[in-house]
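See structure below.
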Amino acid sequence: MGEQVNQVMGDIPFALDHLGVAVSNLQEGFKFYQSLGFTKMDIEEVPSEKVRVGFLNLANSCSIELLEPMSEDSPVAKFIQKKGPGIHHVCLRVKGIRGVVESLKSKGVQLINDEPRIGAHNCLVVFVHPRSTGGILLELSEKQDQVGSS
Ligand code: ZN
């Protein structure tokens, strides 16, 4: 696994990790992907974001993450109320997330959480506000077993 990640990352410290898609209901949201030919969805709860997520693995070590709000005050519930279901965020895998956060803060980039928190797959994640990215809610993620190793 570690080797595969290193191979994917190479010299470039960023890789597309997943696309986050807001859905009202995971099984309902999964139906379209089943018609497309997907057979498996790995479901996980992410208490820090008050969502249940379903991962659809793609061939290129990237995935689609369906996000179902677990409560009305979940950020994803608010997103669906405002904009309806659809693309919610883009996630880039990074190396040395704390360094990236410090660098962004020093440049005045607006982060939703300054301190990385535990996301799906036990990764450390921070979200960058769409105001600072040109309209995309950007998730930066680092696998915990990589933290501090770079
Ligand atoms: Zn995500």
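So here's what we get for this one:
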{"quantity": "Two-site label geometry, ASN57 and ARG131: point separation in nm, points 7 Å out along Cα→Cβ", "calculated": "3.9"}
{"quantity": "Those aspartates and glutamates that a straight Cα-Cα span of less than 18 Å connects to LYS50, excepting residues fewer than 8 apart in one chain", "calculated": "ASP42, GLU65, GLU68, GLU72, ASP73, GLU115, GLU139"}
{"quantity": "Order of CYS123, CYS62 under a 10 Å beta carbon neighbour criterion, fewest first", "calculated": "CYS62, CYS123"}
{"quantity": "The chain, helix-only ellipticity at 222 nm - DSSP H runs n ≥ 4, -39,500 (n - 2.57), divided by all residues, nearest 500", "calculated": "-7500 deg cm²/dmol"}
{"quantity": "The chain, relative contact order [Cα under 8 Å, separation at least 6], %", "calculated": "23"}
{"quantity": "Exposure proxy ranking, count of Cβ atoms within 10 Å, fewest first, for LEU58, LEU67, LEU124, LEU111", "calculated": "LEU58, LEU111, LEU124, LEU67"}
{"quantity": "Distance between modelled label sites at GLU72 and ASN25, nm, 7 Å Cα→Cβ extension", "calculated": "1.9"}
{"quantity": "Mean separation of Cα contacts under 8 Å (6+ apart) over length of the stretch 12-62, as relative contact order %", "calculated": "33"}
{"quantity": "Local net charge near GLU142, Cβ-Cβ under 9 Å (Lys/Arg +1, Asp/Glu -1)", "calculated": "+4"}
{"quantity": "Trypsin sites (Lys or Arg not before Pro) within the stretch 96-125, DSSP loop, no more than 13 other Cβ atoms inside 10 Å", "calculated": "LYS107"}
{"quantity": "Rounded to the nearest 20 debye, dipole of the chain from Cβ charges on Lys, Arg, Asp, Glu", "calculated": "420"}
{"quantity": "Selection of trypsin sites (Lys or Arg not before Pro), the stretch 4-90, meeting DSSP coil and at most 15 other Cβ within 10 Å", "calculated": "LYS40"}
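Values quoted throughout were computed directly from the atomic coordinates according to the rules given, and no laboratory measurement underlies them. Computed from a prediction, not measured in an experiment: that's the story for all the values here. Glycine also receives a Cβ, built like all others from the backbone with ideal geometry; neighbour counts cover every protein chain displayed.
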